[in-house]
Amino acid sequence: MADRVHLEEESCGLLLELEHILDSDPLIDEVGFIHPTQLAALIGVVDCDSSGDLDTLKFFNRDHKLGISTQILFPLYKQAKIIFFDEIERYKKQTGISGIWGDETSLQRCKSTLDELEIGVMKHSKVLLLLSADLATAWNSRRAIVLKKDTLSMYMDELRLSELILSYSAKSDQAWSHRRWVIKRIVGKLPNLQEVIGKESKLVERIAERSKMNYRAWNHRCWLVSYMTGERVVYELKNSRVWAGLHVADSSCFHYRRRLMMRMLEDFCAKNASVSVGSSSEIYDIWKEELEWNKLLIKRYIGREALWLYRRFLSLHWLRDFMTQLDSVIFLDDELHLLHSCSIIPDSDFDDFQAQAMYSTTYILWLARQLSRSHAIVLRQKLQVGDMKDLLNSVCPQRSFFCDMLEE
């Protein structure tokens, strides 16, 4: 019994110490869970060989970086959870009491108690979320209180908290969802919304750099596009090109570029409902440039499926929205040249060359199905169906039947 009381007191002490660190340094922008031996190295403790010495090392806080010893995570989480849910229960009860009519003194007393409980809920939920990023109850309690107060400063605090949590849990659904909720709430309240959107976009890029194939982060960035101005969309398209060119295996970044391109096309069509997309328009030049850039990447990085899938998107809308009679001849010739250059397999032991040949062949077969009847006939006349079938048989036998579609 005495041991249990001692453990509870120790856990309470850990919780109070962590809350004090968070209160004293509101600019903490990164948190990590560190083994005690690594924590000792960070703090600069030289002679710390015994387990007793390591037990005394719990937190590290320097230059707005927070480290928490992995040794105390379980008791800290357990205590934070108990305190949080106790506070939530008291808050709910007090909310019900404050709704009952009484004299003015009673109402003032209830309001004062309610304010204190709200501060407690926000403080304890912050610690709990740092230890368990996807605890929906904690996020929902914060939303309820922030929504009640409805101040810009509180919304910005929520953005900082979720960014801190994403520093160690980059794929947290709840944290990304909370950021979207905050942005929806501050629309119309901020004169510099585009600045916030730009920072959000940069945040995703930084997180995607250290957390590969992070669909949740890129999904958030795609969602941001609906809040961007036309100028911001063009800026994002140009600014994200370098990153995409260095991460050609990441399909998510090309989904983002697709969303930007579609937004530009939608805006153009909305402003020029009765006018077709001409070769003199800015979006025509941007689309053509994107096709050329994509072709450059395909030739430079062999066998990357994400690049071929992105080309399908670009080609489909080029055919539907941009291509003139003159363009059609040039476009089809360019695609055939791309096919021939990519279907050569100089080294049969190198899987990427075989993948490149398969992707190029299936791409041209897919393209033939998207063309008008007259253009499809011209393309079939230029294609060597027998050679393509042999190629597919060698690199991907299960897809060789695709060539039969050209003969239908």
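Worth a mention:
- Residue match in region 269-290 (condition: at pLDDT 90 or above and touching a Lys or Arg at 6+ places or on another chain (Cβ under 6 Å)): no
- Filtering region 215-234 to residues that are of a type in the set (Gly, Ala, Ser) and surrounded by fewer than 17 Cβ atoms within 10 Å (Cβ to Cβ) leaves 226, 230.
- Just one of the listed residues (260, 296) is at negative phi and either in a loop (DSSP other than H, G, I, E, B) or crowded, with 17+ Cβ neighbours inside 10 Å (or both), namely 260.
- Residues located in region 199-216, provided they are of a type in the set (A, V, I, L, M, F, W, C) and part of a loop (DSSP other than H, G, I, E, B): 213
- Tally, over region 167-186, of residues that are open to solvent by 30 Å² or more (accessible area, probe 1.4 Å) and within 27 Å of residue 235 (Cα to Cα): 6
- For region 194-209, the set of residues classified as farther than 17 Å from residue 181 by Cα and open to solvent by 50 Å² or more (accessible area, probe 1.4 Å) consists of 195, 202, 206, 209, listed by residue number.
- Selection within region 356-377 - open to solvent by 10 Å² or more (accessible area, probe 1.4 Å) and among the small types (Gly, Ala, Ser): 372, 374
- Hits in region 320-357 (condition: in a helix (DSSP H, G or I) and in contact with a Leu (Cβ under 7 Å, 6 or more places away or on another chain)): 321, 332, 335, 357
- Every residue from region 134-166 that is of a type in the set (S, T, N, Q) and crowded, with 18+ Cβ neighbours inside 10 Å: 141, 162
- Sole residue being exposed (fewer than 12 other Cβ atoms within 10 Å of the Cβ), out of contact with any strand residue (DSSP E or B) (no Cβ under 9 Å at 6 or more places or on another chain), more than 21 Å from residue 152 (Cβ to Cβ) and not hydroxyl-bearing (Ser, Thr, Tyr), chosen from 189, 212: 212
- Of the numbered criteria (1) under 24 Å from residue 33 (Cβ atoms); (2) acidic (Asp, Glu); (3) touching a residue at least 12 places away in the same chain (Cβ under 8 Å), the one residue 118 fails is (1).
- Among the residues making up region 335-355, those that are hydrophobic (A, V, I, L, M, F, W, C), open to solvent by 30 Å² or more (accessible area, probe 1.4 Å) and under 35 Å from the mean Cα position of the chain (by Cα) are 350, 353.
- On inspection, residue 165 does not qualify as out of contact with any Asp or Glu (no Cβ under 8 Å at 6 or more places or on another chain), within 17 Å of residue 240 (Cα to Cα) and assigned to a helix (DSSP H, G or I).
- For region 350-408, taking the residues that are modelled with pLDDT of 60 or more and aromatic (Phe, Trp, Tyr), the one that is nearest to residue 320 (Cα to Cα) is identified as 366.
- Candidates in region 229-268 are the residues that are within 18 Å of residue 311 (Cβ to Cβ) and hydroxyl-bearing (Ser, Thr, Tyr); of these, the one that is modelled with the highest pLDDT is 256.
- Hey, residue 180 assigned to a helix (DSSP H, G or I), closer than 22 Å to residue 255 by Cα and without any contact (Cβ under 8 Å) to a residue 24 or more places away in the chain or not: no
The values are calculated or read from the model by the stated rules, or taken from the named source; none is laboratory data. Bear in mind that the values here come from a model prediction, so they are computed numbers and not experimental data. We place every Cβ from the backbone using ideal geometry, glycine too, and count neighbours over all the protein chains shown. Heads up: the accessible areas ignore ligands, DNA and RNA and are worked out on the full protein's heavy atoms, side chains in. Shrake-Rupley method; radii C 1.70, N 1.55, O 1.52, S 1.80 Å.
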